[in-house]
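Chemist: Before I ask anything, let me first share the structure, which is written out below as C-alpha cells.
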Amino acid sequence: MTPNDRSTFIKRSSENLLSESSLQPPQKRYSIDLTNDSSFLTRSNSAPQSRIKLSRSPSPVRLSRRRHPYQFTKSDISLTPIKGNNDIIDLPLLKIHTKHTSIDNGLPSPINSPHKKVNNEQSCLIINNFAELTLLPTPTNEACHQIFKIPEIVDKILMNLYLMEVQQVNDIERTSSNRNGTIDSTSRVSSTTENSQQLAAANVITQRRGTLHNCAMVNKLWNELSMKYLLRNLTFKDSDKLMNFMINSKTIYEGTKNQTNYPRSMTLYKLNRFNTEDLSIGFGCNDTTQDNIHFNNLQSLQFYICPNLLPMDSWFKEFKNLKKLSLPGNKRIDDKFMIEISLHLENLEHLDLRACYNITDVGVVSIASRCKKLKLINLGRHKNGQAITDVSLVALSKYTHVETVGVAGCHITDSGLWEFTKNNGDNVKRLSLNNCKGLTNMSIPYLVSYNYLPKLVVLEIRDIDHLTNVKPLIKYKLWKKAQNSPLLIESCNRITKLLSFEEEKMKKKRALASLREMQQWINEDDI
Amino acid sequence: MPHSSSRRHQVPDVKNQVEIQVGLVGDAQVGKTSLMVKYVQNIFDEEYTQTLGVNFLKRKINLRSTDIVFSLMDLGGQREFINMLPLASVGSSAIIFLFDLTRPETLDSVKEWYRQVYGLNNLAIPILVGTKYDLFIDMDKEYQKQISNTVLEYANVMNAPIIFSSTAKSINIQKIFKVALSKIFNLTLTIPEITRTGDPLLIYKKFGNQDRKSSKITTSSSQSSSSPASVSVSPRKSKSTITSS
C-alpha cells in the first residue's frame, strides 16, 4: 500500500461523511485519534506500521452502505490540526464521536481490536439488563421490577435467605462445638466459649438485623412474606423487646394463622429480672385456649442467663417436637418441673441443665426414663453435687443411648461409672467427670485399658484427686491415635503433669526397645 | 447384662514405627532400580528399563514391637533428572551412591553425585555401593585391584561404608540396608567385614560413624523434651526418628 492508496482510502471512507473537511494532499499524513492515547499515526516514523493497520479496516463501501455499529456520522467527526513532533507541517487530528463514545472514550474501532470493545459493550448490556431488576424505585427507574410483586417468587427468595441464615448459625455452632471438643470452665460439657460463640452468631443476625429483617421493611407484600420466616426463630436479649413482642403476638400470629409460622426455635438471653410470671402476663393469660402463640413446631428452647425464667406449664403439651432444651443456671427449675415437663419431651435429644442446683436424681431419672432419644445431657455443677449420684448415671445408661454426659462435680463413684459403661459404654463419645471426688484409680484406668468406651473422643478428668494411675490412659491415648481416632483428655495441672511425664517415660522406653530390636535384626543372618 | 465382659480385651501395645528414607543415586544403568526392586520385591529382571524421574518403593520389616519402613527413592541416572535430586536426597537419612564395578567412569562420576547431594543434604549417611559384582569377578585381577583401591580412596574421602553387591546373584543386598540402619541409629553391627581384594567387599566399621558423643543409642532427655511427639534417636538425622503410629 502506497501513501497514495492510503490517502485515497481516507478520502473515500470519509467523502460521504466529511463535507467541510479540507482534505489534504496525499503527501500529508493524518492522525486519526481513535482512542485517547492512540499513538497511531501521530509520528512520522510510525507510518509504515499504521499502513498495515489501515489495510485491515473494513471496506469503505460497506461502511457507507448500511449503518455499522461503529459507523460515525458527519457531525461526529472533526478535524483539528495538531503539531507533528518532527514535522514542519501541521497535521489535522481526526476526532470521531459516535453514540458509543459515551460508553467508553475510545471509539470501538475495527482497527483497534474490535473484539474487546464488543465484549465491553456486551457486559454493559448485561449490567443494563440487570439494572432493570432494581427493587427499590430509583430516580431513573420509578417502579420495581414486576417479578418482585409476585408472591411466589418473593417467597422463594425469602425462603432461601432464611435457609442461608439458619445455615450460618448452625455452621458457627457446629464448628465451635467441634473445635473445642469441650469445656474450659471446670464444670461444663458444652463449653462456655461454645455458647458464647453460638450467642455471638445469633447476635450477628439480630444485631445486623439480618437480611430478612431488611426485607420485612420493603413493602407490604415483602413484610408479610418475610415475617413468616422471621417468626420461626425468635431470639431476644432485651426484656423490653420481648415484652413488646408478647403484647403484639396476638396480632402478629393472628394474621398468619397457619401452623408453619409458629416458632421453631426460641432463645432468650440475659433476661435477669424477667420471670415466669412476666412471661404469662405477656403472652396474654393462663387460659390456654386463648393463647396467641403455640409451640407445636418448637425444636429448640434456650434460656441463657435467665435465672428466674421457666417455660410456662401451658406450653409443655406442645413440646412434642422439642429436640433441644437448654436452661443453664436456672434457679427455679426443680424436680417437680422436670417430672412434669418430661411427660411431653419424647423427642428430646439435647438437655443442658448445668448449674441447675435444685435438680436431683429424681428429676434426672424421670427424664432418662421418658426421653429415649436423649443424646446429650449436662448436669455439671459446683454446688449441691450430692444431689446427683450414681442413680442418675445408671438410669441414663439403662434407658437411653446418651452420647455426651456431663456430670462434673456430681457424686459419682467407681461402681456407678462401671455400671454406666457396662450398659452404655459403646455409645459414649464425650464424658465429663471433672471434680468427681468419688472416683479413684479403680474405674477410669481400667475402663480405658479394656476399651470399655470405644467411641470416646473427649474425656474430662480435671480435679479428680484420687486418680493417680495414668499409665493406662496414656497407653490408651496412643492406641487410639494409632487407630486414627484420637482422644482428647482434658485435665487439670496435676493430672496433665502426670500424663506428660508418663507419656515421656513410655516413649523413651519404647524407643529403646525399638533400638534393641533393630540391633538384633541387623545382626541376624540373611538368607 | 447383654454385654459379656469376656469380649473385652486389653488394649494392645502400639507398634513403634521407624521410617527411614533412603535415596539411590548414580549414573544411568548402574542398577539403582534393580537393587531397589530386588530388595523390596526380591525380583531381578535382566531387561533395562530407564527410570523416568524418581521411582519410589517401600519395604516394611516387622519386628516384635517395631515396624521398620524403608522408603526407597530411586532417581533416574540421566542428567536431565538432576533437577529431581532434591526428591531423593532431601529428607533421606542415608544416600546410596551406586556405581558399576565394570565401568570405572561410573565410579568417577560418584564424585559429582556426592557433591550435588552434599549440597542438598549434608546430614545423610553416604554409602558407596559397587554393583554387578558377578560380572566384576570375571574381570582382570589387576583391574579388580585397581578398582578396589580407588573405591577405598573414595570411601575415605566420603566417609562412606563400601559394599560390593550383585543384584543378579543376590550378594550383599540385605547388608546394604542393614549397614545403613546401623549407621543411622549408631547400632553395633557385628557382621564380619570382607576386605580381601576380589571378594565382595564389605567395609563399614571405620566409615560413616557419627563423630558426636551425644549420638549414642541412649536418647538424651533434653532432646525428647524438645520434641515430645517423637523421641529422636540420632541428632544427626532429622528424619529418622522413632514414632509410634
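Computed from the coordinates by the stated procedures, all read-outs in this text should not be read as laboratory data. Just so it is clear, the model here is predicted, and its values are computed rather than measured. Cβ sites come from the backbone with ideal geometry, for glycine too, and all protein chains shown count toward neighbours.
Chemist: Suppose R0 equals 45 Å; then what is the FRET efficiency for B:Arg79 and A:Lys508 from their Cβ-Cβ distance, rounded to the nearest 0.05?
Modeler: Efficiency, rounded to the nearest 0.05: 0.45.
Chemist: If I model a spin label as a point 7 Å beyond the Cα along the Cα-Cβ vector, how far apart are those points for A:Arg332 and B:Gln41 in nm?
Modeler: About 7.7 nm, to one decimal.
Chemist: Okay, next question. Given H placed on each backbone N at 1.01 Å, which residues far from B:Thr131 in sequence or on other chains put an amide H within less than 5 Å of it?
Modeler: Distant-sequence amide H within range of B:Thr131: B:Phe99, B:Asp100, B:Leu101, B:Ser165.
Chemist: A further question follows. In terms of modelled amide H atoms, which long-range or inter-chain residues lie less than 5 Å from the amide H of B:Asn209?
Modeler: Hits under the 5 Å cutoff: none.
Chemist: Right, here's the next one. Around B:Glu105, with a cut-off of 13 angstrom between Cβ atoms, what is the net charge of the other residues, counting Lys and Arg +1 and Asp and Glu -1?
Modeler: -2
Chemist: What is the sum of charges, Lys and Arg at +1 and Asp and Glu at -1, for the other residues whose Cβ falls under 12 Å from the Cβ of B:Gln144?
Modeler: Counting the neighbours of B:Gln144, the net charge comes to -1.
Chemist: Okay, next question. Based on other C-beta atoms within 10 Å, arrange B:Phe81, B:Phe177 from fewest to most.
Modeler: Least to most surrounded, the residues fall as B:Phe81, B:Phe177.
Chemist: According to a simple spin-label model (label point 7 Å from Cα along Cα-to-Cβ), what is the distance in nm between B:Thr49 and A:Ser485?
Modeler: Result: 4.0 nm between the two label points.
Chemist: Can you tell me the length gained on complete extension of the stretch A:His382 to A:Thr211, counting 0.36 nm per residue apart and subtracting the Cα distance?
Modeler: Value of the extension gain: 57.4 nm.
Chemist: In addition: Compute the signed sum of charges (Lys and Arg +1, Asp and Glu -1) over the other residues within less than 12 Å, Cβ to Cβ, of A:Arg516.
Modeler: Net charge around A:Arg516: +2.
Chemist: On a 27 Å Cα-Cα criterion, which of the cross-link pairs A:Lys270/A:Lys429; A:Lys480/B:Lys175; A:Lys336/A:Lys422; A:Lys507/B:Lys206; A:Lys505/B:Lys175; A:Lys398/A:Lys455 come out too long?
Modeler: Cα-Cα > 27 Å for A:Lys270/A:Lys429; A:Lys480/B:Lys175; A:Lys336/A:Lys422; A:Lys507/B:Lys206; A:Lys505/B:Lys175; rest within.
Chemist: Also: Spelling out what I want: for every residue of the range B:57-64, take phi, set θ = phi - 60°, compute 6.51 cos²θ - 1.76 cosθ + 1.60 (Karplus), and round to whole Hz; glycine and proline get x.
Modeler: Working through the residues one at a time gives 9, 10, 10, 10, 10, 8, 9, 4 Hz.
Chemist: Turning to a different aspect of this structure: Please report A:Lys477, A:Lys509 as a ranked list, fewest other C-beta atoms within 10 angstrom at the top and most at the bottom.
Modeler: Going from least to most buried by this count: A:Lys509, A:Lys477.
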